[in-house]
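So the structure is just underneath, and the comments pick up after that.
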Amino acid sequence: MVKLKRILLIAPTEMTRTPAFDRALALAKATGALLHIVAFDYVQALAVAGLFDHDAMAQAREGYLQVHWHWLEQQARFQRCAGLQVTTEVFWAKSSPAHVLAYVNDWRPDLVIKDSHHVPALDRAFHRPLDWLLLRDCPSTLHLVTDTKNPKPLKILAAIDLSHLEELTQGLNDRILNLASTLATLCGSALHVLNVSNWSVVGEAAMSVPTLSLNASLRDAVNDAQEEAFDVLAERYGIEKKRRHLLTGIPHKVIGHFAQQHAFDMVVLGAHAQHGIDRFIGTTAESVLNRAPCGLMIVKPLP
């Protein structure tokens with residue numbers, strides 16, 4: 001069972017209670033973890049004013065940060081009365097990837113939680129959204145929360161990837177299922193597992209290919225190996241047969257449609273980081289994020 005001891009909530013700049021607040025509090029209560037809430041606040045008008053009167057700007061900035069910090073403390077105070085460990089902090093800085101990642105690397109949480117924001121495809125083509133960059137570079141497990149009616153998840157879907165034949169029953173899939181089963185147990189959630197079959201990585205290929213493109217004997221061997229590995233993993237984590245789902249299709253489309261169709265509160269899936277001139281995450285996790293049907297929890301491989 002995974003031990004979550006430190007949860008970091010990246011609060012929005014606006015002093016508003018968002019779905020990520022409620023999910024973070026629910027998971028902190030279920031796991032007994034320390035919850036630390038941090039907000040990055042920056043007002044361009046005050047920064048510009050500081051060019052003309054530094055002392056006045058510094059005083060105005062401190063006053064603004066105090067207002068924000070008191071608001072966060074008000075949110076935390078109610079939870080402390082209920083027995084949760086909650087701390088708060090506000091920084092005068094833009095919520096840029098550099099600032100957020102530096103904070104995460106310094107604080108070293110087991111889980112980072114923030115609200116997910118949809119970014120149109122055209123904007124993604126010219127600007128790397130913060131969510132996307134955190135998906136790629138955040139060293140901790142990352143939970144991006146969409147609008148949700150159940151702060152404590154009632155249904156969790158673990159989406160595993162059996163396309164890598166040499167890693168069918170270990171590695172990242174185990175990390176996904178270990179975390180998902182831990183959260184399901186602590187939250188009293190129904191846990192389902194999904195694998196989108198008919199895809200495989202063969203030999204030294206850099207990406208998965210449809211098994212239908214393979215010759216018949218190899219295709220049958222790959223499918224049999226994936227089904228056997230799927231059952232082994234499901235048995236290992238005590239997932240009953242009616243909650244095991246082997247589907248076919250394009251992975252990110254199947255995962256998104258299945259999660260939406262069956263009203264899951266959270267999808268736990270993995271991201272394989274790739275290295276090159278421009279590092280990027282696995283296309284499945286990124287593509288699911290673009291049209292997330294519910295909150296996504298992204299698990300990374302061990303370094």
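Take ASP137 and decide whether it is modelled with pLDDT under 95 and surrounded by 15 or more Cβ atoms within 10 Å (Cβ to Cβ). Yes, satisfied. Annotation: of all residues in region 151-187 being assigned to a loop (DSSP other than H, G, I, E, B) and closer than 20 Å to VAL288 by Cα, the one that is modelled with the highest pLDDT is PRO153.
Filtering region 97-117 to residues that are assigned to a loop (DSSP other than H, G, I, E, B) and without any contact (Cβ under 8 Å) to a residue 40 or more places away in the chain leaves only HIS117. Residues that are over 18 Å from the mean Cα position of the chain (by Cα) and at pLDDT 95 or above within region 259-284 comprise GLN261, HIS262, listed in sequence order.
The values are calculated or read from the model by the stated rules, or taken from the named source; none is laboratory data. Note that the structure is a prediction, hence the values are computed from the model and not measured. In this analysis, Cβ positions are derived from the backbone assuming ideal geometry, glycine residues included, and neighbour counts consider all displayed protein chains.
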